[in-house]
1. Determine ³J(HN,Hα), in whole Hz, for all residues of segment A:224-235 in sequence, where each value follows from phi through the Karplus function 6.51 cos²θ - 1.76 cosθ + 1.60 and θ = phi - 60°; x replaces Gly and Pro.
2. In Å², rounded to the nearest 100, what is the total accessible surface buried by chains A and B against each other with a 1.4 Å probe?
3. Pop out the ³J(HN,Hα) list for segment B:7-18 in order, Karplus 6.51 cos²θ - 1.76 cosθ + 1.60 with θ = phi - 60°, rounded to Hz; leave Gly and Pro as x.
4. Take the alpha carbon atoms of segment A:69-130, find their center, do the same for segment A:6-51, and report the distance between the two centers in whole angstrom.
5. Threshold 40 Å², probe 1.4 Å: give the residues of segment A:126-157, in number order, that are less accessible with all protein chains present than with their chain alone.
6. Per residue, how much accessible area does segment B:54-270 have with a 1.4 Å probe, in Å²?
7. Using only Cα atoms, locate the centre of segment B:128-195 and the centre of segment B:91-110, then give the distance between them in Å, rounded to an integer.
8. Note down the relative contact order for segment A:102-203 as a percent, whole number, built from C-alpha pairs under 8 angstrom at least six residues apart.
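The values are calculated or read from the model by the stated rules, or taken from the named source; none is laboratory data. All values reported here derive from a predicted model rather than from experimental measurement. Here the Cβ positions follow ideal geometry from the backbone for every residue, glycine too, while neighbour counts run over all protein chains shown. Side chains are part of the model used for accessible areas, which takes the heavy atoms of the whole protein and leaves out ligands, DNA and RNA. Shrake-Rupley method; radii C 1.70, N 1.55, O 1.52, S 1.80 Å.
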Amino acid sequence: MGILRYLVRRLLFSVVLVLGVSAIIFFLLNAIGNPVDVLMADNPGITDESLAAVKAYYHLDASVGHRYLIWLGNIARLNFGTSITTNQPVGFMLLSFGAETLKLQIPAIILALLLSIGFAAVAAMRQYTRLDFGVMSAALLGHSLPGFLLGILLILIFAYWLGIFPSYGAYSTRNPLLGSYLADGLWHMVLPLTMLTIFNTATLTLLLRANLVDVLRQDFIMAARASGLPERRVVFHHALRNAIIPVLTYLGILFGLMLATAPVTETVFTWPGAGALYLAAIQSLDYPVIMSETLVITVMLVGFTLLTDLAYVLIDPRIRLD
Amino acid sequence: MLGLILIALVVVVAIVGPWLAPYTPNDQSAMLSFAAHGAPSWAHPFGTDRNGYDVLTRVIYGAPTALAVGLGAMLVASLIGILVGGVAGYLGGLADELLMRLTEFFLVIPVFVMILAVVRLFGVVVVGTWLESVPFLNLSTIVLLLGIFGWPPIARLARAEFLRLKGMDFVEAARCIGAQPRDILFRHILPNALPSLAVVIALGIGGAILAESMISFLGFGDPKAISWGQLLYFNYQVLRVSPWAVLAPGTAIFITVLGFNLLADGLSDAFNPRLKQ
């Protein structure tokens, strides 16, 4: 099968996946209660006029299936609706809050990848030594330490006891650090970024080291060593290239879940990002925000899975396209 | 080995908890004597929290909740996963294709955020209905959702195992003596697939416990149940004043999750000695 045909097929399947999940999101959330009934249950004092206005806005006189199509049509035109609580366009809210989330998540993943390559290479080169054991124990510990607990520990130690870093928020409300908003923003990023990086690094190191140990046992590595290459070059140039391929899947998941894992991180650090937005939307029963953000998270997950598949095909010509 | 010890610790605490705990779980008497936020002492080994609860007692009573969540969610997930994966692997062909597409579909559902939304909306809707009288309604909802959305990894592995085992001689022999497909699937193939599945299930138990504690930490847990995540939720805002009330349940979560991760590691080493060398 040609590579183009394979890509088109994956792309089509991805679209089907997103459509299917969008149906689940819509019907599950609407099966529990339609937006107005749920709002009514939580706000007993609502007047009849506002009730009628809200009902008309959601086309609640139409059937559920019809409403789903209307919603889908709007989403396809990138019209995510208007938030019930803030009255702002949801698309705009997702962009501005999402930027705060990505500002932490993207550097954390890239840093973690670089660090874990270093750790895994060192551990695999000194296999079964004390150094290997130490690195792997630390990695297993970091992998099992729940991310939010790590964040809490960081806040306790570095914000409360040592007082070096701020414990909450993305910016100071007044008196930014050194009078510069850039420095102040970076200052606030240190702790959450550390938490995410440690967590990602631990898991990536575990995966990479396992793959490296496997690869280092193969014949072509022996050939490379026999040809007199220095060990460092063998590991970083020949072995790593092959060991990193299976890790791509996990990297794709990390990127795809950037928004999905945000609620916990952003609660720990009171960070004004997409996760905090989502939690606020659930609390205030803000249906347009809940549904749009869930859909955006799905699209990201599916999109990055697709990119991972693509990367595999481009990197590893042995992969069969079926 | 360490994994088993840690899990045994949690299980023992869960079973003998009521005799072990120094106070009753709903004892808030520390509030009356201005002893809330109390630092660890002889009377309260892990201190007291902002609501005047004895932290040690609440941590002990959180153990059965955590185990129930982990086991309950994985029971649901294993049932669905083994059925879907087993049938797909055994039948092959179109059924396999369809079931695996379904699995892929469930893999991209943003489970965690969906559960948060469903639990919250459901909590609003049930007010005033008979459902309200169901004990631990919120917690059961969370467990059920974690199971319903948690089966794809189990299904994928079950499919691979059933596919591998169905070509083996002993399955062929069973078929020759006229065994029913149901018996072949569940009495001949399944027991041989279980060792590999146990690894994924052990990981899943730890994952479900972690997920529930995060859901509770975010404030969407069951107010009637005593769970570690809920302790975190109640006390996180006063972390600076009484860190022990956060660190104790946090450590309990860590120990339990680490226990199941190590168990999964140990199981996978034990069943695949080839990898160990």
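1. Karplus-based 3J(HN,Hα) across segment A:224-235 equals 5, 5, 5, 6, x, 5, x, 4, 4, 5, 4, 5 Hz.
2. 4100 Å²
3. The phi angles translate into 5, 4, 4, 5, 5, 4, 4, 5, 6, 8, x, x Hz.
4. So the two Cα centres are separated by 22 Å.
5. Those residues are A:LEU140, A:SER144, A:PRO146, A:PHE148, A:LEU149, A:ILE152, A:LEU156.
6. 39 Å²
7. 15 Å
8. In percent, rounded to a whole number, it is 44.
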